[in-house]
Every structure is written in C-alpha cells, then in structure tokens.
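The values are calculated or read from the model by the stated rules, or taken from the named source; none is laboratory data. Just so we're clear, the structure is a prediction, and the values are computed from it rather than from any experiment. Note: ideal-geometry Cβ built from the backbone for every residue, glycine included; neighbour counts use all protein chains shown. We work out accessible area using only protein heavy atoms, side chains counted, and drop any ligands, DNA or RNA first. Shrake-Rupley method; radii C 1.70, N 1.55, O 1.52, S 1.80 Å.
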Amino acid sequence: MSTAGAGHNYLEHGKGLMSWLTTLDHKRIGLMYGIFIAFFFLLGGIAALLIRLELFGVGEMFTGAEYNKLMTYHGAIMVFMVIVPGIPAILGNFFLPLHIGAKDVAFPRLNLLSWYVFMAGSIMAVCTLLLGGVDTGWTFYTPYSIGTSGGVVLMVLAVFILGMSSILTGLNFIATVHKLRAPGMTMNRIPLFVWSIYSTAILQVLATPVLGITVLLLAMEKVFGIGFFDPALGGDPILFQHFFWFYSHPAVYIMILPAMGIISELITTYSRKTIFGYTAIAYSSLAIAGVSFFVWGHHMFVSGQSAIAGILFSLITMLVGVPTAIKLFNWLFTMYKGSVQLQSPMLYAIGFMFLFTIGGVTGIMLAVIGLDVHFHDTYFVVAHFHYVMVGGTLMAIAGGMLHWWPKMFGKMFSEYWARISYLFIFIGFNVTFFPQFILGSMGMPRRYHTYLPEYESLNQISTVGSWLIGTGFLVLLGVFIHSLMYGKKASENPWHSKTLEWQTTSPPFHENFEETPVVTAGPYEYR
Amino acid sequence: MSTGKIIRKDGHYAHHFESAEQEYTSSKQGVWLFLSTEILMFGGLFVAFFIYKGMYPEIFHKGAESLSWVYGAINTAVLLTSSLTMALGIHYIQKGKNSAALTQLIITVLCGAIFMGIKYIEYSHKFHLGLYPGQMFSGETGGVENLPLYFSFYYMMTGLHGIHVLLGMGLITWVAIRTARGDFGPKYYTPVEGVGLFWHVVDLIWIYLFPLLYLVE
Ligand code: HEM
Ligand SMILES: [Cu+2]
C-alpha cells in the first residue's frame, strides 16, 4: 500500500517517549490530547457516577459539602478539560490539515505549546484538590466564590491557562484554514468539518479572552479584595454573571459546532449521497457563531436584569434555533433517498440527531421567560444541557472516533461491539436524563445533595441509567483497545469516503500526502 | 503566488509551507489574531470601568485627583517615542542597516524601562498614602463612599498593562539579540515585525488608559 520512498507513517516516524513529547506533527499532538482528554473524561465520569449514587435515595452517602465538590469537579473537568477542547484538539488537530491537503497546521510549534499549556492548566485544576477542593460549581458565581475557602484561586487560574490553550489552538486553525489550503481547495470546497472547526476557532479567539479577564478579576478579588464583584465594597456580583456568560454561552457553541461538523461528515459518508445544502450548512455555522454572542442574558432571566433586556435576550435566543434547524433539515434531506448504511458511526450520528433535537427544543422552551422562571435552576436545565452536551457532543465524538479510527491507527475495530456500545449509551442516556426533565418540571432544584421523598423513584431510574452509560463507554474503550491489539489492517478508504484524508495511506505519512494534492472538485461527490 | 520577496538568510522556510512568502503572511495573521485577543481581554476591563463610572461618577473624579497628570503625560510621551523607535528599528532592518536598527531597539527597551520606573514612583507614592485597592485601602476617602474601588481599577488596569510592558521589553530584547547576531535582514524580519505590532498595541492601550484614569473631570 505505502509506496516505497514515501517515508514512514506518522506513528513510526521517530521512536520513544521523547519523540512524542517534542513532536511537531499535528497528528501526534492530536493523539496526545486524546489520551489525556480520555483520562479526564474518566475522572469526570467517576464524579458523575458518584453524584448519581448519592441521588439514588433520599439518604446521605456524602455530606452536602462533599457533594458540592463532586458536582464542581464533574462540571469543571467535563466543560473545561473534556468537551471544550475535545473535538478541536483531538480530531481537529488530526484531520483539519488532512482535510485541506496541508502538511501541518500553520504553527506547529505553537500547536505543541498549546498542548503543554493545556496540560499545565489541567494539572493545576486537579491540584486544587490538595487545597481542600472547590465547591462553587463550574460557574464560580460571586459572591459565594469570594467567601468560600479552598482552591478557588488556583482553579480559576487553571481555567485562565486552559483558556490560553484554547485561544492558541483556535488562532492556529484560523491561520491554517486561511493560508494552507492545497491548490484548488477553495473555501467552497473545504469539508464541512473544516467549516465547523473554523467557526469554532473564531469563537475560541473572540470569546475566551473575556473569560480570561473574568477569572483573573475573580482571582484578584480573592487575593487582594479588589471589590469589583463584592457588594460589600460597592461591587456588583451580577456583573460577574454577565462576564461569565458572555464567554460561556459562546462556549456552548464551541462545544457543539465541531460536533455538528462531524455529523455532517458521517451523514454524507454513510448515506452515500452528496450532502444536501453544503452552503447552508457551512454558513449556518458562522451564523450560529455570530448570534451566540448576543444571547448570554438567557442565563440570567431571574437575576434581576431589566425586563427589556430579558425580552431581547429571549427573542435573540430563539433565533439560534433557525440556523440549528437548517442543519438538521439538511442532514435529513441528505439521508432522504440515500443508501443509508447503519454502520456504528452512523448510528451515533442518528442518535445525535434525536438527542440534540430534544436538547435544542428544550433550549427554546427555556428561552421563554415565563417558563424559565419556573425551570431555572431545576433539573429541567440539567436535562437540557446534558441532552446537548452528552447526547450531542459526546455522541459525535464517539461516532467521529469510530469513523476515523481506521485512518488514525490503520486498524479496523469490532463493528459488533461498537454497536453494543451504542445501544448502551443511547438507551442509558435517555434512561438517565429523560426523567430529569420530569423532575425539573415537578420543581426539583439542581445542585442539592438530597431531595423530597416524592422525587425518589425518578431519581432511582436516573441513577440506573448512569450505570448503563458507564457500561457503554467501557465497552467502547474495550473496542478501541481490542482494535489496537488485534484489529485487522485497515485499507486506505474502508468507508469509501470522498474527503482527502481517505486518499492517503492508513495511517497517514508523517507529512500526510505523498505529494500535495491538487483539488478539482467538492468534498462530497457521491451522487 | 510566491513573489520570493521574503526569504530567511539561509534561504529556508518551515517544511509545511510552499513558500517563504506564505510563511510570512501566515505568521503575520497569527500575530494579528493574538493581538485581537489582547484587545478583547482589556476590553472586558474597559467595559467594567465604564459601568462603574456610570454607577459612581464621584469616585472616579475624586480618585483622579490623587494621580499626577504630569507623570502620566511624561509616560505617554515616553511610550509614543518608543513606538517611533520601534518602527524605525524595523525600517532600518528592512534597509539592511542592522546596527542602526539595534540602536533603535535598545532605545525602545530603555523607554520601556523609564516607563516602568515612573510607574514605580507613582505606585510607591500611593502605597505611602495608603491608597491601596479595595479592601486593603487605608488612606483618606475624603467622605467619598466606595473610593477604594477607583484604586482597584487603577491598579488592575495599569498593573495588567505594566505586565505587558515588561513582556514587550523582554520580547524586544530577544529580537535585538537576534538582530545583533545577524538573523534578520531585508529579506527576513518577521519576528521583529510581530514584536513591533505587539509593542504598538501595548502603547495603544496606554493611550486610552491615560485620559480615562488621569484626566477625569
Ligand atoms: C437551540 C439552542 C439552545 C437554546 C435555545 C438554549 C437555551 C438555553 C437557556 C435559555 C438556558 C438557561 C436556562 C436556565 O439556566 O434557566 C440554557 C442553559 C444551558 N445550556 Fe442551552 N440552549 C441551546 C443549546 C445549547 C447547547 C448546544 C449547549 C451545549 C453544548 C447548551 C448548554 C447549556 C448549558 C451548559 C446550560 C446551563 C448552564 C448552567 O447554568 O450551568 N445549550 N440553554
Ligand atoms: Cu446559553
């Protein structure tokens, strides 16, 4: 398969630990992110299982204080160390240059640096455990976070550093897309995955600095008592919420846009049909990115912001539904009359479409002020964002990893067990989170370690569901490990996909392509 | 697309680029993107500044009285001069006059040092009067409630800016050393230009800080 003289594949290009720690190869850097993000996912997942265990019954397993910490670490790790970096850092790093026919990202050194910065931030975040832990929730709301002891300062500085890593990655990708496309690879021929990573990168660069200054101010508040957010000194705690959500709402699109990019690739490949509405899907990513800067107030309907602000934020939030629906309908039309193959990555893609739709529609419900006054800070919100973050982003990561696995490692995996993992995750997910919609509408508040007896049975169902999800991810891990050890050799293009990464060897050469490809057609010329 | 204008001394460019020109424009774009994040980060501080200025105009009025506009004005002049010398430095490198460029870069770093020296004088004067930020404030409020908040802004904004001045000085020293070593010339000067852009943005931020903090009426 690999022609003589074309050089090693990237896994064999250089041996030993040092060759990895000093690598400038975007593919290796992607894998290094992958290993650690998977590890942090395990940590966050264990915290999640413990949270659900506590909520299995009215009785106490953990004290309230312990529960608060579990919930904080679950949220902070999953958001800042798993879902935000996840797709761009792993799959984006690996496939963005391949997708546009480049040899690497624009700034390979910076790329490696951002991995080290990411690791530094993550280690700092975990070290807060030694300082007594953090119990503020992942949102660090003032004034509580000012008063509480423990590792808040170190934690927010960790978030600052993780943000820097995110910015550097985004900046690198923007320059790569602008400057390194192969001859003939016009912006209207880049795969939709690239469009989504590109839109995400814009958000990473433009939104993250605001998070940076916000957490920096919070750290200064705690160290020097500067008083910006402290009512005792004339400061305004609500300003913290504005600042925080000004980043964190765009951040939810940092989490979902790349997932949508993966889904576009999967749907068209496994429907064996040209994507329907390429332009609409591409530009709707930009539209979502743009609108996302003007909706942050929907997290603050009950914070006392003015009625006018509330109404405006409510309306603009609903607007987000439009580009989102555009994507969904285009995927559906792609499948329509396609030869849909229910390969495991496609199963994950279809699961994504179901769950993300539920998450999106409940988001619109939350955007209705009258409803949100009731739902705010209840399990309804928890269910909403898990439907989009787990049902959406994590399903897409799983599907994407399976889809690209043969390319990344040159090995096939067990399709049978991959489907089993899907069944566990999909069913388990619904068993876990659907009851939470009901609990939320019954009024069960979020972030407490116990609840009234009438909420018990639904909570028990939810906890059982969490075990199913856990099993599903373990099976998936087993699939990957088994493939690495015993997997059959993968051909160049096992799924008969049309995008560029499948036109080189599996795994790809160190420099990706034997010679720079010249592009003469769009990415999805199926039929 | 290659015009072959920008080439490193040794004629090389990184392996993943098709031409030195492509490498140059990519790097420049990267620098601009990075600078936009700096502006957005300071932007957050400026937004907070204006919100509180609307809420408590009196503390900004009273607070500004304790700053010496003379020091502020000198520092503004110093930084503007340094921007000029930085630009001259790049200009000379483009013309191949490396030793002239080196002089300009050194002057730029010295200007940065003068700026920081004056800041030091200003800070210690305020510490002496107990004009600390927020909670640590122990000076005279003159009956103006929440006055310490003004000093929180003063130290946050000038402090974050000061850190950037120090960073800039470090970066300029780095390119100055490389200039002396002969790494740059008319065909390759990307790092100098990038560092220069950073320095101009740091200046620019000061141009806004000066009137906002010192010249409030
Ligand atoms: C159609 C698009 C969406 C709409 C209209 C929407 C709307 C909302 C609204 C109104 C809230 C505030 C609820 C409250 O706190 O009372 C909310 C919370 C949240 N949403 Fe969404 N959302 C959408 C998509 C997403 C996506 C794609 C993600 C992430 C991938 C996401 C993640 C979150 C999170 C994490 C929270 C809760 C944050 C917290 O308080 O801890 N949402 N959403
Ligand atoms: Cu939001």
> Where in the stretch B:72-148 are there GluC sites (Glu not before Pro) that are in a DSSP coil and have at most 15 other Cβ atoms within 10 angstrom of their Cβ?
Replying inline: B:E140, B:E145
> How many angstrom separate the Cα center of the stretch A:392-435 from the Cα center of the stretch A:364-391?
Replying inline: 25 Å
> If you plug each phi of the stretch A:20-33 into the Karplus form 6.51 cos²θ - 1.76 cosθ + 1.60 with θ = phi - 60°, what whole-Hz ³J(HN,Hα) values come out, in order, with x for Gly and Pro?
Replying inline: 7, 5, 10, 5, 10, 6, 4, 6, 5, 4, x, 5, 5, 4
> Of all the C-alpha pairs in the stretch A:1-133, what % are more than 27 Å from each other?
Replying inline: 36 percent
> Just how far, in whole angstrom, is the stretch B:26-59 from the stretch B:120-193 if you go by their alpha carbon centroids?
Replying inline: 15 Å
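May I ask you to derive the FRET efficiency for A:L452 and A:L286 from their Cβ-Cβ distance with R0 = 41 Å, giving the value to the nearest 0.05? Could you put the intermediate results ahead of the total?
Details: r = 46 Å, r/R0 = 1.12.
Step by step, r from the Cβ atoms, then E = 0.35.
So how much accessible surface do B and A hide from each other in total, probe 1.4 Å, in square angstrom to the nearest 100?
Working: alone 11260 and 20140 Å², together 28480 Å².
Accessible area lost upon association: around 2900 Å².
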> In whole angstrom, and with the biggest value first, how far do the Cα coordinates of the stretch A:159-220 range along each principal axis?
Replying inline: 50, 16, 13
>> What is the percent carbon and sulfur in the accessible area of chain B, measuring with a 1.4 Å probe over the protein chains and ignoring ligands?
In response: 67 percent
>> Pairs of alpha-carbon atoms within less than 8 angstrom and 6+ residues apart define the contacts here; what relative contact order does chain A have, in percent?
In response: 19 percent
> For the stretch A:441-514, what's the radius of gyration and Dmax over Cα atoms, in angstrom?
Replying inline: 22.6, 65
> Which far-off residues, 5 or more places away or on another chain, put their amide H under 5 Å from the one on A:K411, with H placed in the peptide plane?
Replying inline: A:A490
> What list of whole percents do you get for P(r) of the stretch B:108-217, with Cα-Cα distances grouped in 10 Å bins up to the one holding the largest distance?
Replying inline: 12, 36, 26, 15, 8, 2, 0
>> Show me, bin by bin at 5 Å from 0, the whole-percent P(r) of the stretch B:19-215 based on Cα pairs.
In response: 1, 7, 15, 17, 16, 13, 10, 7, 6, 4, 2, 1, 0, 0
> So if R0 is 25 Å, what FRET efficiency would A:F39 and A:F354 give, r being the distance between their Cβ atoms, rounded to the nearest 0.05?
Replying inline: 0.30
> What residues qualify as long-range amide H neighbours of B:Y188, i.e. H under 5 Å apart, gap of 5 or more or another chain, H built at 1.01 Å from N?
Replying inline: B:I7
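Shape verdict for the stretch A:476-527, please, from the Cα gyration tensor: rounded (a/c under 1.5), prolate (a/b greater than b/c) or oblate. Can you show the working numbers first?
Numbers: a/c = 3.21, a/b = 1.74, b/c = 1.85.
Judged from the Cα gyration tensor, the stretch A:476-527 comes out oblate (a/c at least 1.5, b/c at or above a/b).
Find the relative contact order for the stretch B:62-132 and round it to a whole percent, using C-alpha pairs within less than 8 Å whose residues are 6+ positions apart. Numbers along the way, then the final one.
Details: 42 pairs, mean separation 23.6, N = 71.
So the answer I get is 33 percent.
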>> How much length would be gained if the chain were fully extended between A:H482 and A:F62, taking 0.36 nm per residue of separation minus their Cα-Cα distance, in nm to one decimal?
In response: 147.5 nm
>> So, R0 is 25 Å and r is the distance between the beta-carbons of B:H91 and A:L113; what FRET efficiency does that work out to, to 0.05?
In response: 0.25
> Which ³J(HN,Hα) values in Hz, rounded to whole numbers, follow from the phi angles of the stretch B:16-24 under the Karplus curve 6.51 cos²θ - 1.76 cosθ + 1.60, where θ = phi - 60° and Gly and Pro get x?
Replying inline: 8, 9, 8, 7, 5, 4, 5, 4, 5
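For the stretch A:400-527, what mean projected area does the convex hull of the alpha carbons give, in nm²? List each step's numbers first, then the result.
Numbers: hull surface 48.5 nm².
For the Cα atoms of the stretch A:400-527, the hull's average projected area reads 12.1 nm².
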>> Apply the a/c threshold of 1.5 to the C-alpha gyration tensor of the stretch A:235-283 and tell me whether it is rounded, prolate or oblate.
In response: prolate
>> Going by Cα centres, the stretch A:63-137 and the stretch A:302-327 are how many Å apart?
In response: 29 Å
>> Using a loss threshold of 10 Å², tell me which positions in the stretch B:114-142 are less accessible in the complex than in their chain alone. Probe radius 1.4 Å, ligands and nucleic acids ignored.
In response: B:P133, B:G134, B:Q135, B:M136
> Residue by residue, what Karplus-based ³J(HN,Hα) values in Hz, rounded to whole numbers, does the stretch A:165-177 have, using 6.51, -1.76 and 1.60 with θ = phi - 60° and x for Gly and Pro?
Replying inline: 4, 4, 4, 4, 4, x, 4, 4, 5, 4, 4, 4, 5
> Taking only the alpha-carbon positions of the protein assembly as shown and ignoring solvent, what does the Debye formula give for the base-10 log of I(q)/I(0) at q = 0.05, 0.06, 0.09 Å⁻¹?
Replying inline: -0.27, -0.39, -0.89
> Looking at the square roots a ≥ b ≥ c of the eigenvalues of the Cα gyration tensor of the stretch B:1-133, which shape do they give, rounded for a/c under 1.5, prolate if a/b is larger than b/c, or oblate?
Replying inline: oblate
> Can you list the residues, at least 5 places off or on another chain, whose amide H is less than 5 Å from the amide H of A:T378, using H built in the peptide plane?
Replying inline: A:R446
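Relative contact order (percent) for chain B, with alpha-carbon contacts under 8 angstrom and 6 or more residues of separation?
Numbers: 222 pairs, mean separation 65.0, N = 217.
30 percent.
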> For the Cα atoms of chain A, what angle does the longest principal axis make with the long axis of helix A:108-127, in degrees from 0 to 90, nearest 10?
Replying inline: 30 degrees
> What distance in nm separates the simple spin-label points at B:I207 and A:L312, each placed 7 Å from Cα in the Cβ direction?
Replying inline: 2.9 nm
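In Å², and per residue, what accessible area does the protein assembly as shown have when probed at 1.4 Å with the other protein chains present? Walk me through the intermediate numbers first.
On the way: 28480 Å² over 744 residues.
Solvent-accessible surface per residue comes out at 38 Å².
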